[in-house]
Amino acid sequence: MSAEDLYHEALVRLARAARGAGRLEGAAGAATLDNPLCGDRASFQVRLAGDRIEALAHQVRGCVLCEASASFLGGAAPGWTGAEVEAARGALEALLAGGGPAVVGPFGGLSVFAPVRAAPSRHGCVLLPFDALRAALAEAKG
Amino acid sequence: MKRETLAALRADLAAKRAAVLATDLRTGEARLLHPFEEAPGAHTALLGAAREAARDDQSRLWEGPGGRVFLRVYNPPVRLVIVGAVHIAQSLAPMARLAGLDVLVVDPRRSFATEERFQGVTLTHEWPDEALARIGLDRRSAVVTMTHDPKIDDPALATALRSDAFYVGALGSKKTQAARRERLQQQGLDQAALARIHGPVGLPIGAVSTAEIAVSILAQVISGLRGGSAAR
């Protein structure tokens, strides 16, 4: 698998869009996680309305995969509940593991990460923003 | 030395600003000069001599038109920032410290930049551009990148090339360097800036082992600092 296959156009475009990039004032929860092996770092802040994500923002230092994953969440996750974040993460894991059902419905956008399946060492790059969001939500819920 | 001169000197040292204390040996009057800054109306000959002394990092007696002046150099410490807590860095960091440099190893990859691998060396897990912005690079700073990962090396080089750092080096083959130059050019760095990168890094001494490569890099840094004939 070449770098061109991994960093295909739609994925690069998603990363460049950097949806949700920035800082959130008055966040109810915040978390920063990093990958000690590659140095990627994802910080997420969330604000809740009831049990739903009202707004989120993130700052990512990392590879294109990590940036694209954070951008996906920046676009898709506002409005989600914690359970939906978990469901999306589960769908992503199944996609990366292969053999799972095709991603459809609200998480259909995740299919942009399908080529990462062939690069096991890079799975962490895509999951890191999900884990940071999950940690920020846990903090927001106290 | 007057109290206010001493206070100003202390402030310069704290701010890592190069200063030269010029003492007129006839009158005993001491003046604080900033050799690398524009000083309208200053004695240009004296300032020139102070600049030379600071550049040589050597205090000296100077025969001026008004008599003998002692130029005492107060340079900020020479700093070497190593980006990438890699194998070569494990040799380069202690060697550079023995040579009198103030060494900082930057690597956001915590599994590389560990206390165990770099005993007694100052480490930071910041991203290099963040770390370099925080510490502030000046004309007595050297930066060498070693991660082989563009996402970490490139921001370090871009920051270093936009600073007054006297030495910028990048580990990597000729082929790697060409691709790197292209990426940095896309980030708006011009040819003059890119020409400052020493890469492939180190003096051509036929180094083979990681420790030998560290020697070749350290020698090149020192040559850059002292204006040695191997500076380029």
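The values are calculated or read from the model by the stated rules, or taken from the named source; none is laboratory data. None of the values given here were measured: they were computed from a predicted structure. Because the Cβ atoms are built from the backbone with ideal geometry, glycine has one as well, and the counts that use them run over all protein chains shown.
Can you go through B:LEU71, B:LEU33 and tell me which one is free of Cβ contacts under 8 Å to residues at least 40 places away in the same chain, more than 14 Å from chain A (Cβ to nearest Cβ), under 23 Å from the mean Cα position of the chain (by Cα) and surrounded by 17 or more Cβ atoms within 10 Å (Cβ to Cβ)?
Numbers: B:LEU71 fails: free of Cβ contacts under 8 Å to residues at least 40 places away in the same chain.
Sole residue among the options that is free of Cβ contacts under 8 Å to residues at least 40 places away in the same chain, more than 14 Å from chain A (Cβ to nearest Cβ), under 23 Å from the mean Cα position of the chain (by Cα) and surrounded by 17 or more Cβ atoms within 10 Å (Cβ to Cβ): B:LEU33.
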Considering region A:5-28 alone, what residues qualify as being touching a residue at least 60 places away in the same chain (Cβ under 8 Å), among the hydrophobic types (A, V, I, L, M, F, W, C) and within 30 Å of B:VAL86 (Cβ to Cβ)? A:LEU6, A:LEU11
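Mind telling me which of the residues A:ALA15, A:ALA10 ends up being within 14 Å of another protein chain (Cβ to nearest Cβ) and within 20 Å of A:ALA119 (Cβ to Cβ)?
Values: A:ALA10 fails: within 14 Å of another protein chain (Cβ to nearest Cβ).
After applying the criteria, what remains is A:ALA15.
Return the total of residues in region B:61-92 being assigned to a helix (DSSP H, G or I) and touching a Leu at 6+ places or on another chain (Cβ under 8 Å). Let's see the steps before the verdict.
Of all residues in region B:61-92, those assigned to a helix (DSSP H, G or I) come to B:87-92.
Now drop any that are not touching a Leu at 6+ places or on another chain (Cβ under 8 Å), which leaves B:88, B:92.
Number of matching residues: 2.
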Over region B:190-207, the set of residues of a type in the set (Gly, Ala, Ser) and either surrounded by fewer than 17 Cβ atoms within 10 Å (Cβ to Cβ) or at pLDDT 95 or above (or both) is B:ALA192, B:ALA193, B:ALA195, B:GLY202, B:GLY206, B:ALA207
Quick one: what pairs do we get from region A:59-71, first residue at the interface with another protein chain (Cβ under 9 Å from one of its Cβ atoms), second hydrophobic (A, V, I, L, M, F, W, C) and part of a helix (DSSP H, G or I), C-beta under 7 Å, 6+ apart or different chains? A:GLY62/A:CYS125; A:CYS63/A:CYS125; A:VAL64/A:LEU11; A:VAL64/A:VAL12; A:VAL64/A:ALA15
Filter region B:1-60 down to the residues that are closer than 23 Å to B:ILE222 by Cα and in a strand (DSSP E or B) and list them by number. B:ALA19, B:VAL20, B:ARG60
For A:GLY74, are the conditions met, namely being away from chain B (no Cβ under 14 Å) and touching a Gly at 6+ places or on another chain (Cβ under 7 Å)? yes
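How many of the residues in region A:110-133 are free of Cβ contacts under 8 Å to residues at least 60 places away in the same chain and under 25 Å from A:LEU48 (Cβ atoms)? Outline the logic, then answer.
Filtering region A:110-133 for residues free of Cβ contacts under 8 Å to residues at least 60 places away in the same chain gives A:110-111, A:114, A:117, A:120-121, A:123, A:127.
Right, trim to under 25 Å from A:LEU48 (Cβ atoms) and you get A:110, A:127.
The qualifying residues number 2.
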Among the residues of region B:8-28 satisfying the criterion of being in contact with a Lys or Arg (Cβ under 9 Å, 6 or more places away or on another chain) and farther than 20 Å from B:GLY136 by Cα, which is surrounded by the fewest Cβ atoms within 10 Å (Cβ to Cβ)? B:ARG26
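What number of residues within region B:61-83 satisfy the criterion of being closer than 24 Å to B:GLY224 by Cβ and either out of contact with any helix residue (DSSP H, G or I) (no Cβ under 9 Å at 6 or more places or on another chain) or of a type outside the set (Val, Ile, Thr) (or both)?
Total meeting the criteria: 7.
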Failed item in (1) surrounded by fewer than 20 Cβ atoms within 10 Å (Cβ to Cβ); (2) under 9 Å from B:GLY84 (Cα atoms), with B:PHE112 passing the rest: (1)
Does any residue in region A:29-47 that is within 11 Å of chain B (Cβ to nearest Cβ) come within less than 6 Å, Cβ to Cβ, of a residue that is surrounded by fewer than 21 Cβ atoms within 10 Å (Cβ to Cβ) and of a type in the set (S, T, N, Q) six or more places away or on a different chain, and which pairs are these? A:PRO36/B:SER111; A:LEU37/B:SER111
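May I ask you to list the residues in region B:65-82 that are closer than 11 Å to B:ALA142 by Cβ and either modelled with pLDDT of 95 or more or basic (Lys, Arg) (or both)? Steps first, answer last, please.
From region B:65-82, those closer than 11 Å to B:ALA142 by Cβ are B:78-82; that's our starting set.
The answer is B:ARG79, B:LEU80, B:VAL81, B:ILE82.
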Would you be able to tell me the number of residues in region A:19-35 that are in contact with a His (Cβ under 9 Å, 6 or more places away or on another chain) and within 20 Å of A:VAL116 (Cα to Cα)? 1
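Say whether the condition of being closer than 19 Å to B:ASP102 by Cβ and assigned to a helix (DSSP H, G or I) is met by at least one residue in region B:170-187. It would help to see each step written out before you state the result.
Our first condition is that a residue be closer than 19 Å to B:ASP102 by Cβ; within region B:170-187, this holds for none.
No; the residues of region B:170-187 include none that is closer than 19 Å to B:ASP102 by Cβ and assigned to a helix (DSSP H, G or I).
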Mind counting the residues in region A:69-110 that are loosely packed, with under 15 Cβ neighbours inside 10 Å and within 17 Å of A:ASP5 (Cβ to Cβ)? 1
